[in-house]
Structures are given as C-alpha cells and as structure tokens.
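The values are calculated or read from the model by the stated rules, or taken from the named source; none is laboratory data. None of these values were measured; they are calculated from a predicted model. Glycine also receives a Cβ, built like all others from the backbone with ideal geometry; neighbour counts cover every protein chain displayed.
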Amino acid sequence: MISEKKWYAVYTRPRWEKKVADLLSRRRVENFCPLNRIVRQWADRKKIIYEPLFSSYVFVHAAEAEQLVIKQTDGILNFVYWLGKPAVIKGDEIAAIGEFLEDHENIKLEKINVSITDKVRIIHGPLANREGNVLEVKRNSVRVSLPSLGYDMVAEVNKSRIEVLDLAHLPYATSATMYNAKVG
C-alpha cells in the first residue's frame, strides 16, 4: 500500500536551510525552503538578497515511509512534532506562503499563540477566494495566520482586499460600527 504524501516541517541546524533544501532535492525529496526577498541598503547601493523566511525550518512533501531517509539528511535535526507525531502542514498553507512571498518583500515573521478569531475571505489579489483568520488589523497591515506553524506573515495590504464573513461575535458592535471598523 502506497502512503499518501503530506507536508511536514523539519528542523535544521542553524543557517542550514538552503543547504538542507539542496541536499533534499539531490535525494529527489520534494521540499520548499521559503526565501524572503530583502532589500539591503549600503552607503553606495541597494541590493536584493534572499534569506530563509523561517529560521531553521524547511518543508518536505513526503510519505511516512520516507521520514527515516529524510531524518538522515545532513543538517536535519528532526521533524517538528505536534502531540507526539510529525506535524502535518496543510497544503493550502504551503501554497499561501509561496503566493505571499511572490507579492511581498521584506516580510516579518511574528510568533503567535493560535486563537479563534474572525473569519475572512480575501476578495482581490494573489490570495483571492482564500479564507483565513484575522488576528489583528491595523491601518494598512493584515496578518495572515498559519496555524499549523504558529506564525503570522505581516505585509502591507489594502483592507479593501478582504471581506468579513462572520461579524456576529464582535462584542458591543452594531452593523454600522462593524462597517466603520472594517474600512476605517
């Protein structure tokens, strides 16, 4: 019986993310090492560099039977575990990370504690029709939650690109104040 492939996160030695991704590719293991496009300013020039978005993490798409071979790859310390098993990352979240990186640079990661919040649907842009949880909305900043990993990606996004799907649980809010809070 062939086991279904799933996305997992592996924990790497510090600053080995790109090396691990290369070694996994050589072993023909599908992997994803998200690279953040960062503009660095020097006194005489600007330069774009690519740094791993997640320190010490690389994602692998593999069957359970491949886990031992993956763990034996130089630079990999272990799988990321949740409740005693390698944590499974949703394919939609892997795709969202890739799409987010295509459209934004200088992305910041902020560690979060996952909680239940407003449900929204993105109505314009590269993540159109995706649904997610809003953790915080500032003037022009929207946080996209990646609950399997416990991280938020933060980028400047126009609030007109989202619509609230469920407003009923907001305390002390009328429909008029909810509308103003959403677009204000």
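Can you name every residue in segment 17-51 that is within 19 Å of ASN78 (Cα to Cα) and either touching a helix residue (DSSP H, G or I) at 6+ places or on another chain (Cβ under 9 Å) or of a type in the set (Val, Ile, Thr) (or both)?
Residues satisfying the conditions are VAL20, LEU24, ARG27, VAL29, GLU30, ASN31, PHE32, CYS33, PRO34.
Can you spot a residue in segment 40-59 that is surrounded by 13 or more Cβ atoms within 10 Å (Cβ to Cβ), on the phi > 0 side of the Ramachandran plot and touching a strand residue (DSSP E or B) at 6+ places or on another chain (Cβ under 9 Å)? Before the answer, list the steps.
Step one: of segment 40-59, the residues surrounded by 13 or more Cβ atoms within 10 Å (Cβ to Cβ) are 50-54, 56-59.
Those left that are additionally on the phi > 0 side of the Ramachandran plot: 56.
Imposing the further condition that a residue be touching a strand residue (DSSP E or B) at 6+ places or on another chain (Cβ under 9 Å) reduces the set to 56.
Checking segment 40-59: at least one residue is surrounded by 13 or more Cβ atoms within 10 Å (Cβ to Cβ), on the phi > 0 side of the Ramachandran plot and touching a strand residue (DSSP E or B) at 6+ places or on another chain (Cβ under 9 Å).
Please enumerate the residues belonging to segment 66-104 that are of a type in the set (Gly, Ala, Ser), in the same structural domain as SER56 (by TED's automatic domain parsing) and over 18 Å from LEU24 (Cβ atoms).
The answer is GLY84, and nothing else.
Output yes when any residue across segment 37-50 is within 29 Å of GLU4 (Cα to Cα) and out of contact with any Ser or Thr (no Cβ under 7 Å at 6 or more places or on another chain), and no when none is.
no
Please enumerate the residues belonging to segment 2-29 that are part of a loop (DSSP other than H, G, I, E, B) and not hydroxyl-bearing (Ser, Thr, Tyr). Reasoning before the result, please.
Within segment 2-29, the first condition is being part of a loop (DSSP other than H, G, I, E, B), and the residues that meet it are 2-5, 13-16, 27-29.
Within segment 2-29, ILE2, GLU4, LYS5, ARG13, PRO14, ARG15, TRP16, ARG27, ARG28, VAL29 meet the criteria.
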